[in-house]
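Novice: I have a structure here, written as structure tokens, and I will follow up with some questions on it.
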Amino acid sequence: MKLKAIFLAAILCLVGVFAVPAVAGEFPERPVTYIIGWATGGGSDLVSRVLCAEAEKHLGQPIVIVNKPGGSGAKAYVEISQAKPDGYTIGNTTGTISTHKFMGVIPIGHEAFEVVITFNSDPGGLWVKKDAPWKDLKEFVEDARKRPGEITVAASNPGSITRLGLQLLELKENVKFKIASQSGGESAGPSLVAGGHVDACQAAPVTAKSLYDAGEIRPLGIMSETRVEAFPDAPTCMEQGYDVVMHNARQVLAPKGTPKEVVDKLYAAFKAAAESETFKKFMNESGSMILTWNREESTEFLTKQDAQFKELLQQVGLYKEAK
Amino acid sequence: MSLLAALQAVFTFKMIALIFGGSALGIIVGALPGLSATMGMALMLPITFYMPPSEGILMLLGLYTGAVFGGAYSAILLNIPGAPPSVMTSLDGYPMAQKGEAGRAISLATVGSTLGGIAGVIALIIIAPILAKFALRFGPAEYTVLAVFGLSAIVAVSGKSLAKGFAGVTLGVLLSTVGMDNFTNVSRFTFGSIELMSGINFIPVVIGLFGLAEVISQILESTKEGIITKAINRLLLSAGDFRLILKGLIPASLIGIVIGVLPGAGGTIASIISYNHAMQSSKEPEKFGTGTPEGIIAAETANNASVGGAMVPLLTLGVPGSSPAAILLGALLIHNLRPGPMLFTTQPVLISTIFVGLLVAQFSLLLWGLGTARIAPWILAVRKEVMLPVIAVLCVIGAFALKNSFFDVGIMLVSGIAGFFLNKLGIKPGTIILGLILGPMFENNLRSTIEISGIAPVFTSPICVVLWVLTAAMILYPICRMLRLKKCESE
């Protein structure tokens, strides 16, 4: 009998987790659903959870987070784009909002949404072992020029933003690295560099942080316009004379046709959240960049990003029209 | 400093309650036939998403520890191993219970498990930091051969038929190829489905193959089990029993730790080897199987010692040494904690908390084991028509909650039905799961090695050579044993 009661209680608890109330009214009169296209515990998930916890204070309504991982965000993008455009279903992106449509994964990109805010970017970066022979990016690139295809660099799978950042450097400087794919995304790269298995790795500062903090690896160049706040000593590529910028930015999206005043209300809440102390602390500790671009600034960025990724994907031979 | 912080973290009411609660749940899960440690942990995993990492992990560790031990109850009382690691326990535990010494058998299992578990955790604390430093030397080439080693280990012990073991592992590897290929960006076996692009998630498969398949088989192949009415007497152990426990402790713990550390082995194999060792080194091997205390001690000490051992590759290399460890890996990753050398530098307090929590979990066994021996039979007497629908519902919820995906529920249902038939064919679900986990590890690391420097390091790196030798030993040992056995028979 006791056992029965325990199991019944467990089931009731689980049922409670899935219960979602539904009432109509002026925005926001009921909880907002926020769809994350990545698994619980991943980078997009953690950033979004911290952001939403702050945003709901300013929105005046709870934000219910639902993880719908699949195809690096593709599944969630489709679901958000098809949701009722009332602001009650929103979600987040990464750079894949621009790559998916040029690789034939899904036929939609940012133009199928109302962009609420761009709240974060994790730029690319090139890292080497602490005692590596290259002092800076210049020495590294010049060495690669002398020995094409010999310097090994760990990066993610073809078509990933990480890989494209490295290939951008290759194309701009007309050099060739020996790129080693990493199945687990870019996260394995820093360990491989620290263990001496590859010469370098392409990874966002947020990924390289723990081994950088441990003094095992050092940065050659970060692919952002300005230095990342959490890495004051890590030089950008630009300040070393290399015009290589690669962002992997995150936006909050609402379905196309969501009323302007609703998008504005959401922007105000998310902007306040991105500027909150909690979010700042979290992002700095993990080594991420905070942004607070509004709809116009975000659309401008995304249009540029589309052009950059389209050209890059054509150059590396991965461009494919979506059906 | 991290130890002090860990002690402060563990010795709070909430943490102690979670560990003791987890191990109590684990014992129930382990004791109920058909519910395994893996299944219990897979079902609890989504709940840990909403807990701080240390709380979630320690609850799961308590559950794991409890479940490995819990199987001893049903093995001793009903001659049904509640979980795979207690198969060997039933060989002597049941005869002892038949003699009216069920209480003594349970107490022997409890004390053996607790001491073995503590030995395992001590080994983990001493060996893990060394392995952690060593772990950075593991590159794609080393992981490739490690995957081969893991695969060979499970193939060598996949039940009665080696061919069926191969079939199970192959099926698992085949399933693991579904999804986006990381090296060429080609979708494999996805049939245009976005859901399948990220591959087949192993957790719904685990829930289906273990949980639902068991429910189906219980429904279709139900046999009436009598309620235990025999009195459980002699709960206290004699001085002689304690001498036997101490005598068996060292070899059984060592075997448990070493086998536990090996990916793909785990408690079941540890207890089989330990039982064999105890039998072969005994002066009266013929007494084994008739209710001898040494048999129970050897099996139970080894399978609980393997829990600490299994944590070593998980925490230092990110390699799950067993299905339960694979679930712990998932629980860590959910909280953005990547097991491996990094975890020791980035999360020293969490690592110490895991060590201290595991020790506490061993002591919780002592309390629950000796305290519940009298009421244990009544847990097993819960009617099937009540239990089976509850388990089926939990399977569906567990599969859905992971990704809020009905597609995963579908994967779970298909796995459950397939698992039932595969079980009937003698293909163990564990072989499929290991193929599913180790397949991509082998493929991705091999291709990565070739991309970096060609295939040579797989055969020339010192670590790889050692792993190849161990793999060869793993395959040749059972054959040599069989030949020796045949020679004995012919003489």
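The values are calculated or read from the model by the stated rules, or taken from the named source; none is laboratory data. Please read all numbers here as calculations on a predicted model, not as lab measurements. For neighbour counting, all protein chains shown are included, and Cβ atoms are generated from backbone atoms with ideal geometry for every residue, glycine included. Calculation scope for accessible area: heavy atoms of the full protein, side chains included, ligands and nucleic acids excluded. Shrake-Rupley method; radii C 1.70, N 1.55, O 1.52, S 1.80 Å.
Novice: Among what's in the range A:35-55 and is among the hydroxyl-bearing types (Ser, Thr, Tyr) and within 14 Å of the chain's Cα centre (by Cα), pick the residue that is modelled with the lowest pLDDT.
Specialist: A:44
Novice: Count, please, the residues in the range B:207-230 that happen to be modelled with pLDDT of 50 or more and not polar (S, T, N, Q).
Specialist: First, pick out the residues of the range B:207-230 that are modelled with pLDDT of 50 or more: B:207-223.
Restricting the remaining residues to those that are not polar (S, T, N, Q) gives B:207-216, B:219-221.
Result for the range B:207-230: 13.
Novice: I need the helices (runs of 4 or more DSSP H) fully contained in the range A:81-190, keeping only those with at least 1 residues that are surrounded by fewer than 21 Cβ atoms within 10 Å (Cβ to Cβ).
Specialist: A:137-146, A:161-173
Here's the yes/no breakdown for (1) touching a Leu at 6+ places or on another chain (Cβ under 9 Å); (2) under 22 Å from residue A:288 (Cα atoms):
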residue: A:73; (1), (2): no, yes
residue: A:84; (1), (2): no, no
residue: A:95; (1), (2): yes, yes
residue: A:131; (1), (2): no, no
residue: A:142; (1), (2): no, no
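Yes/no matrix, rows are residues, columns are (1) surrounded by 12 or more Cβ atoms within 10 Å (Cβ to Cβ); (2) under 21 Å from the mean Cα position of the chain (by Cα); (3) at pLDDT 85 or above; (4) in a helix (DSSP H, G or I):
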| residue | (1), (2), (3), (4) |
| --- | --- |
| B:393 | yes, no, no, yes |
| B:400 | yes, no, no, yes |
| B:410 | yes, no, yes, yes |
| B:420 | yes, yes, yes, yes |
| B:430 | yes, yes, no, yes |
| B:438 | yes, yes, no, yes |
| B:483 | no, no, no, yes |
| B:489 | no, no, no, yes |
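Novice: Could I ask something else about it? So which of A:280, A:256 is surrounded by fewer than 24 Cβ atoms within 10 Å (Cβ to Cβ), more than 14 Å from chain B (Cβ to nearest Cβ) and at pLDDT below 90?
Specialist: Criteria check complete, one pass: A:280.
Novice: Let me ask another. Of these, B:270, B:310, which one is within 20 Å of residue B:365 (Cβ to Cβ), at pLDDT 75 or above and assigned to a helix (DSSP H, G or I)?
Specialist: Working: B:270 fails: at pLDDT 75 or above.
After applying the criteria, what remains is B:310.
Novice: Does residue A:260 meet the test of being free of Cβ contacts under 8 Å to residues at least 24 places away in the same chain and within 16 Å of residue A:49 (Cβ to Cβ)?
Specialist: no
Novice: Okay, moving on. Could you figure out which of (1) surrounded by 16 or more Cβ atoms within 10 Å (Cβ to Cβ); (2) within 14 Å of chain B (Cβ to nearest Cβ); (3) within 21 Å of the chain's Cα centre (by Cα) isn't true of residue A:217?
Specialist: For residue A:217, the failing item is (3).
Novice: Looking at A:292, A:299, A:278, which one is within 18 Å of the chain's Cα centre (by Cα), in a helix (DSSP H, G or I), in contact (Cβ under 8 Å) with a residue 24 or more places away in the chain and within 23 Å of residue A:90 (Cα to Cα)?
Specialist: Working: A:292 fails: in a helix (DSSP H, G or I); A:278 fails: within 18 Å of the chain's Cα centre (by Cα).
Residue meeting the stated conditions: A:299.
Novice: Still on this model: Of these, A:244, A:263, which one is at pLDDT 90 or above, over 21 Å from residue A:92 (Cα atoms) and open to solvent by less than 30 Å² (accessible area, probe 1.4 Å)?
Specialist: A:244
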